[in-house]
Amino acid sequence: MSRILAIDYGLKRTGIAITDPLQIIASGLETVDTVHIFVYLQKLLSDEDIQTVVVGEPKQLNGEASQSAPLIEAFLQKFKTKFPHIEVVRIDERFTSKIAFKTMIDSGLKKKQRQNKALIDEIAATIMLQDYLAQK
């Protein structure tokens, strides 16, 4: 069975999470500098059997698109051009960064560790992927 990948795309950093081959468990993979995201994805998608990618859909509290929506749309257009065989699923990403930060506190990470924004992005991608798996 193929894996599912989640991408928490950001201007500076992009959090990546992936499922196990049975698509039961979501795990944070890493955070990539956004300028290198397509090089990273090219290698990852050639090494792993991934048929579905979950990408966050940033929304405001009222449900309208957030300011970062055009940035993510541009990323998705390029992604679909480079990887047309991969299904892209959008998922609401409201509050994922706040939930990720709360998760870091609850897991006992020290203040210095909680300031690691790359870790927050990776955890946010994992939360999005867990949400997707729960909805499936």
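The values are calculated or read from the model by the stated rules, or taken from the named source; none is laboratory data. In this text the structure is predicted, and so the values were computed from the model without any measurement. Quick reminder, even Gly has a Cβ in these numbers, built from the backbone with ideal geometry, and neighbours come from all protein chains shown.
With the requirement that a residue be touching a strand residue (DSSP E or B) at 6+ places or on another chain (Cβ under 6 Å) and assigned to a helix (DSSP H, G or I), what does the stretch 1-39 give you? The answer is THR34, ILE37. Counting only helices (runs of 4 or more DSSP H) that sit wholly inside the stretch 40-136, those with at least 1 residues that are modelled with pLDDT of 85 or more and either touching a helix residue (DSSP H, G or I) at 6+ places or on another chain (Cβ under 8 Å) or surrounded by fewer than 17 Cβ atoms within 10 Å (Cβ to Cβ) (or both) are 69-82, 117-135.
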